C-alpha cells in the first residue's frame, strides 16, 4: 500500500512537472513571438520614417539650391516631419521652419487661390514674400540642422537621388 501511494505521488509530481514545463515552454515561445512582432512593427515604423526623411532630404536640397520657394519648402517639410512615427518634438528643434510654415499655412493654395480676387492674391503674395524675408536666415540655419538630423537618422543627402 505504501509503495502504491509513493508511486502515485511520484506519478502526480511527474505529471505536474511535465505540465509546468509545457506551460513554461509555451510562455517562452509566446514571449519570443511577441518580441518578434514588436521588432517587425518597429522596423515598419523605421521604414516609414526613412521614406519620409528621404523626401525631406530632397526638399532640403531643393531649398539649398533655391529650386523651391522658402515658404513652400517649409510647408512640405513641416507636414512630413509631423508625420514621422518614431520622432516627436521637431517643431522645437527647427523653430524657423515651423515658424514660417505657421505664418503661411492659412494662405489659399491651388484652386482656392485661383478663386481669390487679384487684390487678395497680391496681398497674400506680398505677405508671403515678407514672411520669407523675415525667416530666411533662420530657416537656412534650420536647414543645416535638419540636414544633420537626416544624416544621423538615415544617410547623407548627397547619397539620395
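Contact list please: Cβ distance under 7 Å, first residue in the range 102-120 and under 14 Å from residue 74 (Cβ atoms), second residue modelled with pLDDT of 90 or more and surrounded by 14 or more Cβ atoms within 10 Å (Cβ to Cβ), pairs at least six apart or on different chains.
The qualifying pairs are 103/131; 104/71; 104/75; 104/128; 104/131; 105/75; 107/124; 107/128.
Assess whether residue 141 counts as being under 15 Å from residue 61 (Cα atoms) and at pLDDT 95 or above.
Working: under 15 Å from residue 61 (Cα atoms): yes; at pLDDT 95 or above: yes.
Yes, satisfied.
Looking at 151, 136, can you tell me which residue is outside any loop (DSSP other than H, G, I, E, B) and under 15 Å from the mean Cα position of the chain (by Cα)?
Numbers: 136 fails: under 15 Å from the mean Cα position of the chain (by Cα).
So the residue among 151, 136 that is outside any loop (DSSP other than H, G, I, E, B) and under 15 Å from the mean Cα position of the chain (by Cα) is 151.
I want to confirm something. Restricting to the range 121-135 and keeping residues that are touching a helix residue (DSSP H, G or I) at 6+ places or on another chain (Cβ under 7 Å) and free of Cβ contacts under 8 Å to residues at least 60 places away in the same chain, which single residue is surrounded by the most Cβ atoms within 10 Å (Cβ to Cβ)? Even if it seems obvious, please write down each step before you answer.
First pass over the range 121-135, keeping only residues touching a helix residue (DSSP H, G or I) at 6+ places or on another chain (Cβ under 7 Å): 121, 128, 131-132, 135.
If we keep only those that are free of Cβ contacts under 8 Å to residues at least 60 places away in the same chain as well, we get 121, 128.
On the way: 121: 15, 128: 18.
It comes out as 128.
Residue-by-condition table, conditions (1) over 26 Å from residue 148 (Cα atoms); (2) free of Cβ contacts under 8 Å to residues at least 24 places away in the same chain; (3) within 21 Å of the chain's Cα centre (by Cα):
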residue	(1), (2), (3)
33	yes, yes, no
48	no, no, yes
56	no, no, yes
80	no, no, yes
86	no, no, yes
92	no, yes, yes
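The values are calculated or read from the model by the stated rules, or taken from the named source; none is laboratory data. Only a predicted model underlies this, so the values are computations on that prediction, with no experimental measurement involved. Counting neighbours? That spans all protein chains shown, and the Cβs are built from the backbone with ideal geometry, glycine included.
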